[in-house]
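Encoded as structure tokens, the structure appears first; notes follow it.
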Amino acid sequence: MNLPALSGWFPRGRGGDRAGDPARTGSPAGGAAWAGPAQPAGRAAPDAGAASWGTARLTGQDRSAALGGAARWEPLGMSAVTPVLDLRGVHKSFGPVTVLHDVDFVAYPGEVTALVGDNGAGKTTLVKCMAGIVRRDRGEYLFEGRPVRVDNPREAASLGIEVVHQDLALCENLDIVQNLFLGRERRRGMVLDEAEMEEVAADILAGLSVRMTGSVRQPVWALSGGQRQTVAIARAVLGDSKVVILDEPSSALGVAQTRQVLELVRRLADRGLAVVLISHNMNDVFAVSDRIAALYLGRMVAQVRTADVTHTQVVELITAGRSATLEPPDERPGGPAGGPLGADVTPQAAEPPA
Ligand SMILES: Nc1ncnc2c1ncn2[C@@H]1O[C@H](COP(=O)(O)OP(=O)(O)OP(=O)(O)O)[C@@H](O)[C@H]1O
């Protein structure tokens, strides 16, 4: 089968991915079906009670392993990696209200960057600027090191930036295959190539090690919240995506489904995508992220390595815009701010609102 759109990140030199492919069978409706998550050879299924949940000081490898990740991403010490997303001095007002004040933000391939902040801090607006849904008033936008215009969603999509919104934007009455390929259906001549789409759908879900049962011809209304989230994420990575932005993916999910979705989020990063995760849930943030970017009243008050901070410090950043125990980068030994997983507290002192 030809899977050109996935070739950039799917196997990443690990034949073991395929070794664990779920068993696939024909469904009554003629659709391919899948069952059970793929596990890398020699690795046990993740323990639902893994003790590392909510632990503040996990390494990326710990985090990946704790979430059942298939492989570790690139070395933490990579110093020459260019951010996929690099927004500088982004400013946005709605009428007289300034929502983003000269915000800097970076996201690297192979990392999950959690974007945190209190209600109204500007997270959604920043993400909308990244995705071209909202046009920034000013500020530079670099994609893989090149200045780009991202003034509408089409331009963002053409760069490989996909957003999974909180409402998922799935069509309830359509089945999984139809949702995955909505607006980009595969055709053979004049007719839809249903067999090809079914095969690709089953393959991508299997490749994401998604724990779902049933036919890819199930309507979306019949799926659980976690399964819907998975379909929405699979749709986002069906194209040649480089950045996936997830807006509160676990907000409506129970414990088990949240874990399943976080495992999937981790896997996306492990396969080289830059993942931006908006979340209010500190357990989720610490379980899955490599880096945390904290917005406070429209200002980016810190971008830090998750392994370098505690829950308390992040909560302080969210609620007060600063943490008494978090040093700004220039005062830290060990070099300049920035760089992948460097000591990069971004010191934009939060001022009280005017
Ligand atoms: N289109 C708009 N017009 C006017 N004000 C807006 C618009 N969109 C957002 N805002 C305002 O911008 C501020 C930031 O909103 P935003 O949704 O980005 O915050 P958030 O951090 O995502 O909040 P939450 O966590 O509650 O979703 C809010 O005060 C909001 O009312």
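For this structure, a couple of remarks:
- Unmet criterion (only one of (1) open to solvent by 10 Å² or more (accessible area, probe 1.4 Å); (2) more than 15 Å from the ligand (Cβ to nearest atom)) for Ala287: (1)
- Residue match in segment 154-176 (condition: of a type in the set (A, V, I, L, M), over 27 Å from Asp284 (Cα atoms) and either open to solvent by less than 10 Å² (accessible area, probe 1.4 Å) or within 11 Å of the ligand (Cβ to nearest atom) (or both)): no
- The residues on offer are Thr346, Thr325, Thr319, Thr312, and the sole one that is within 16 Å of the ligand (Cβ to nearest atom), at negative phi and either at pLDDT 95 or above or not in a strand (DSSP E or B) (or both) is Thr319.
- Residue match in segment 143-151 (condition: more than 16 Å from the ligand (Cβ to nearest atom), closer than 26 Å to Gly95 by Cα and open to solvent by 50 Å² or more (accessible area, probe 1.4 Å)): yes
- Look at (1) within 16 Å of the ligand (Cβ to nearest atom); (2) closer than 24 Å to Gly272 by Cβ; (3) among the basic types (Lys, Arg) and you find that Arg88 fails only one, number (1).
- Neighbours by Cβ (under 6 Å, 6+ apart or cross-chain): first from segment 246-275, open to solvent by 10 Å² or more (accessible area, probe 1.4 Å); second of a type in the set (Asp, Glu) and assigned to a helix (DSSP H, G or I): Ser250/Asp284
- When restricted to residues that are away from the ligand (no atom under 13 Å from the Cβ) and either open to solvent by 50 Å² or more (accessible area, probe 1.4 Å) or outside any strand (DSSP E or B) (or both), segment 93-136 contains 7.
- The single residue among Ala65, Ala38, Ala29 that is farther than 23 Å from Arg322 by Cβ, at pLDDT below 95, open to solvent by 20 Å² or more (accessible area, probe 1.4 Å) and in a loop (DSSP other than H, G, I, E, B) turns out to be Ala29.
- Inspection of segment 223-239 identifies no residue that is open to solvent by 20 Å² or more (accessible area, probe 1.4 Å), within 20 Å of Leu168 (Cβ to Cβ) and touching a Gly at 6+ places or on another chain (Cβ under 6 Å).
- Answer from Leu142, Leu87 - the residue that is touching a Phe, Trp or Tyr at 6+ places or on another chain (Cβ under 6 Å) and either closer than 19 Å to Glu248 by Cβ or at pLDDT 95 or above (or both): Leu87
- Val301 crowded, with 21+ Cβ neighbours inside 10 Å and more than 16 Å from the ligand (Cβ to nearest atom): no
The values are calculated or read from the model by the stated rules, or taken from the named source; none is laboratory data. Note that the coordinates shown come from a computational prediction; the quantities given were computed from them, not determined experimentally. Note: ideal-geometry Cβ built from the backbone for every residue, glycine included; neighbour counts use all protein chains shown. Side chains are part of the model used for accessible areas, which takes the heavy atoms of the whole protein and leaves out ligands, DNA and RNA. Shrake-Rupley method; radii C 1.70, N 1.55, O 1.52, S 1.80 Å.
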